[in-house]
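Okay, so here's the structure we're looking at.
The values are calculated or read from the model by the stated rules, or taken from the named source; none is laboratory data. All values reported here derive from a predicted model rather than from experimental measurement. Glycine also receives a Cβ, built like all others from the backbone with ideal geometry; neighbour counts cover every protein chain displayed. Note: accessible area is taken over every heavy atom of the protein model, side chains too, but ligands, DNA and RNA are not part of it. Shrake-Rupley method; radii C 1.70, N 1.55, O 1.52, S 1.80 Å.
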Amino acid sequence: MLVYLNGDYVEESQAKVSVNDRGFIFGDGVYEVIRVVNGGFFQAIPHLTRLKEGLSLLRIDLSEQECESLLDIAHYLLKENDLTEGHATVYIQVTRGAAKRTHQFPNPAVEPTVFISVNRLVPNHELHQKGASAITIPDVRWTRCNIKSVNLLPNILAKQRAEDAGVFSTIMIRDGVVTETQNSNTFLVNDGVIYTFPKSNYILAGITRDVVFKMAKDLGIEIREEPVAEDKIYDMDEVFLSGTTTDIQGITRIDGITIGDGSPGPVTLKLVDKLKNEMEQSGKVISG
Ligand code: PDD
């Protein structure tokens, strides 16, 4: 596997970062995961915009020129790694760089570390049709969840709890309402209306979440940014998740309780299909 690190294309096994890298020491950096279908990026510009916003919030200074070159680099990696057919992901990570350990930013600033890799992704179409299970857990994260920080300890602990419970995902609860999952946004459907937690510092504003808003509008389905109380979850007609690696995934069992009739409902299935089509279109438009 060829990867990109700080200006060079290198074999993954040869790619080395300093032990003083602030990503390694502090988790001082941000990342993006972009979906690729047949060599075309899905929603590349929104991902880049979110990356730039994250860098700006963390005051990591990556030049405009470098930001603009990230997609070209990703495209080269996809070609070199033979990933221009089918589904794949691009992983981009930018950290504040390597410097002697001090909590405050290095002064003078150091060059940010830029790492890009590409990976095969196999969409789980069967699970999308069948539905999956989840458990609710407290959302113990910080209050700046809008930053796509590489600091993902609560998220990996959450996913491991799901794994230990033999379920697909957690659904996180903060102050008595559903926020999101460890790596996707959460939607709840009641009487034909979709509800989801408002864009704020308590969730990551998912790029796929924005696509869900657009698709719902196209399908004439009402969607509201309103939190749903924890004790209402089990009475919902449908629950589904959205994310770059999750697609649209119906959740049909939560904490051992069946949601709806136990299979993904009509709203979920329409969105599963529509997202699949939109992704395939993106492959046609940008490939080459
Ligand atoms: N996760 N919420 C959280 C906490 C996430 O980590 C993610 C994405 C999302 C969905 O965002 P998007 O639609 O832009 O992928 C929501 C990525 C895929 C990951 O950590 O692998």
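Tabulated values for the structure
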{"item": "Helix-only [θ]222 nm of the chain, DSSP H runs n ≥ 4, -39500 (n - 2.57) each, per residue, nearest 500", "result": "-10000 deg cm²/dmol"}
{"item": "Principal axis dimensions, the chain - Cα atoms, whole angstrom, descending", "result": "56, 43, 33"}
{"item": "Inter-part distance where region 99-146 and region 190-249 are each reduced to a Cα centre, Å", "result": "20 Å"}
{"item": "Rough spin-label spacing in nm, given labels placed 7 Å along Cα→Cβ, for Thr136 and Lys79", "result": "5.1 nm"}
{"item": "Restraint check, Lys217/Lys270; Lys130/Lys270; Lys214/Lys274; Lys52/Lys270; Lys148/Lys274; Lys199/Lys276, Cα-Cα greater than 21 Å", "result": "Lys52/Lys270; Lys148/Lys274; Lys199/Lys276"}
{"item": "Evaluated over region 125-283, the Cα radius of gyration and Dmax, each in Å", "result": "14.4, 41"}
{"item": "Packing-based order for 5-18, 73-86, using average beta carbon neighbours within 10 Å, highest first", "result": "73-86, 5-18"}
{"item": "Chain lengthening between Ser63 and Asp235 when straightened (0.36 nm per residue, less Cα-Cα)", "result": "57.0 nm"}
{"item": "Stretch gain in nm, segment Asn20-Ala165, where the contour uses 0.36 nm per residue and the Cα spacing is subtracted", "result": "48.6 nm"}
{"item": "Label point at Asn190 placed 7 Å out along Cα→Cβ; residues across region 215-237 whose backbone nitrogen lies under 17 Å", "result": "222-237"}
{"item": "Label-reachable residues, region 27-70, where backbone N falls under 18 Å from a point 7 Å from Gln104's Cα toward its Cβ", "result": "58-61"}
{"item": "Contour minus Cα-Cα distance for Tyr9 and Leu152 (0.36 nm per residue)", "result": "48.8 nm"}
{"item": "Carbon/sulfur fraction of accessible area - region 125-283, other protein chains in place, 1.4 Å, %", "result": "49 percent"}
{"item": "Residue-normalised accessible area of region 125-283, given per residue in Å² at a 1.4 Å probe", "result": "44 Å²"}
{"item": "Probe 1.4 Å, protein heavy atoms only - accessible area per residue of region 2-120 in square angstrom", "result": "50 Å²"}
{"item": "Under 5 Å, built H, 5+ apart or other chain: amide partners of Thr170", "result": "Ile135, Gln182"}
{"item": "Ratio of the Cα radius of gyration of region 2-120 to 2.2 N^0.38 Å, where N counts its residues", "result": "1.06"}
{"item": "Computed over the chain: relative contact order in percent, which uses C-alpha pairs under 8 Å that are six or more apart", "result": "20 percent"}
